[in-house]
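For reference, the structure is listed below as structure tokens.
The values are calculated or read from the model by the stated rules, or taken from the named source; none is laboratory data. Keep in mind that this is a model prediction, so the values were computed, not measured. Neighbour counts run over all protein chains shown; Cβ positions are idealised from the backbone, glycine included.
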Amino acid sequence: MEGQTKAMMDDSGEITVLLVDDQDLIRTGMAMVLGAAPGLRLVGEASNGQEAVDRDQRLRPDVVVMDVRMPGLDGIEATRRIVAARPLARVLILTTFDLDEYAFGGLNAGASGFLLKDAPPSELVAAIRTVAAGEAIVSPRVTRSLLDLYRGTLPEGSEVRHASSPGQPPSVLSEREQEVLVLLAHGRTNGEIAAELFLAESTVKTHVGRVLAKLGLRDRVHAVIYGYEHGLV
């Protein structure tokens, strides 16, 4: 999530990935996708949560692509243990259903975001690169479900508008920070925000950090929720 440093790549400059899924066919398909993606290297696979924890400690990949529902130790608890042991570990949760509350729980366990399993290969590759760069990602299709799940978890004292009502960014933010908040609420990455506002990506990271701090938001995911609940999107 925001505030964590960029994941370190291996000596080859590639992003190393550990795939975790209890279905061999799914792992094989994802492995083929990663094998064809420049700059990504699959370093290991696991078929359950305990294997994931053990292999993460041994392989220390840049990104763990984690299934949720697996026999034995599930993906949520595996994520919690991985992040507890390696605070800078980047975990991308994969889920089958839009309303999979277990996948949402992965965010609380320390995951950097989640993606639906039926996302196109290009979206999976982009998501891995995004979380490896130290950013968070949430599939647009599950944003509404996130709102339902996290409703009421934002800082107390804030006026909540319906998402369909027009709203203005809070005045506590500078004009530039307000612009950044609106783009965050639309799910933009730091790179996309930098391009749209004609700023350096390092400057955007600074603005994002200030937005989260001033509004008392935990991470980019809560910035999205904040934007929807305050009519910014």
* To do: Within segment 81-98, identify whether any single residue is among the acidic types (Asp, Glu), over 16 Å from Asp21 (Cα atoms) and modelled with pLDDT under 85, and answer yes or no.
  => yes
* Which of the residues that make up segment 209-226 are under 11 Å from Gln178 (Cα atoms) and buried (at least 23 other Cβ atoms within 10 Å of the Cβ)? -> Val211
* Every pair of residues 6+ apart whose Cβ atoms lie under 6 Å, when the first sits in segment 184-195 and is crowded, with 20+ Cβ neighbours inside 10 Å while the second is assigned to a loop (DSSP other than H, G, I, E, B) -> Ala185/Leu232; Ala185/Val233; Thr189/Glu135; Asn190/Glu135
* Hits in segment 206-233 - residues which are of a type in the set (A, V, I, L, M), out of contact with any Gly (no Cβ under 6 Å at 6 or more places or on another chain) and in a loop (DSSP other than H, G, I, E, B) -> Leu217
